[in-house]
Amino acid sequence: MGLPEHAHTQRRVRGLRREEVAELAAISTDYYVRIEQGRLAPSPPVLESLARELRLDPDQRAYVEGLVTQAGRAGRAGRAGHRKAPRRPPRPHVHPHLTRLLGQLTGTPAIVFGPRLDILAWNPLAAEVLCDFAAVPESERNYIRMVFTDPVMRDVYPDWEDVARTCVEVLRMEAGTNPTDPALTALVGELAVADQQFRAWWAEHRVAHQDFGSKRITHSTIGELTLDWDTFRYAGAPEQQLVLWSAEPGTSDAERLAAVARATAQSM
């Protein structure tokens, strides 16, 4: 467990040597080197000092803290003799309340995501606006996998590169939180083999946490839409999140989304 690569880069850009960072954080150079190389998990006060001196943003800091926590657990498990390989968790079932909501949200594209952005459920409007998820085998219904491997997604997103980069950063954050997740490890390995850009961006070690944002979407019949998306985490199933897409009221985007919603409802 070492500090993320972007933290090292920021230190070099600022022109600080390891000795200077260690002095600012009030620790020995050897102690800092062992932290940077992943041979030692820093204590909370040391982590606080390093985060301040390396100017880590909140996402970067959360990523490092997750790695420190996991390193501590791994160390305790090793000392206790728990060395069994982690089992791949089963795909979770959508919580019934979320299923009910999907059925009621006829004018809003909605998707239920699970861990690693696995696509667990969606409403008809989401399938119409984004992708026919039912045509994708269940084992392959992962949003990040589809962004990189499904040509349809490159057509859907005019800003595909920005979307894909953010996916990698979110997945890297997930890897910091759950580094022993075998399904996540398998996903990263699959995408690293399948896509050169994924390999390059994964190697940058950038992290991000996003609960809302905007995306441009190209629809086959009505052209381009700009939609806002918001994430809602359900307390009854913390590993599942409901993502809703909407348009600013009174805009042409809102009018076109409403037209797609009417057409979708009539075709059912």
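The values are calculated or read from the model by the stated rules, or taken from the named source; none is laboratory data. In this text the structure is predicted, and so the values were computed from the model without any measurement. Cβ atoms come from the backbone with ideal geometry, glycine included; neighbour counts cover every protein chain shown. Heads up: the accessible areas ignore ligands, DNA and RNA and are worked out on the full protein's heavy atoms, side chains in. Shrake-Rupley method; radii C 1.70, N 1.55, O 1.52, S 1.80 Å.
For Ala208, the residues whose amide H sits under 5 Å from its own are Val170, Met173, ignoring neighbours fewer than 5 places away on the same chain, with H placed 1.01 Å from N. Applying 0.36 nm per residue to the separation of Glu140 and Asp30 and subtracting their alpha-carbon distance, the gain on full extension is 35.0 nm. Near Trp245: Cβ cut-off under 9 Å, other residues only, Lys/Arg at +1 and Asp/Glu at -1. The net charge is -1.
The modelled label-to-label distance between Ala203 and Thr221, using points 7 Å beyond Cα along the C-beta direction, is 4.5 nm. Within the accessible area of segment 149-209, the carbon and sulfur atoms contribute 51%, probe 1.4 Å, all protein chains present. Other residues whose C-beta falls under 12 angstrom from the C-beta of Thr221 contribute a net charge of -1, scoring Lys and Arg +1 and Asp and Glu -1.
Segment 207-235 and segment 171-190 have their alpha-carbon centroids 23 Å apart.
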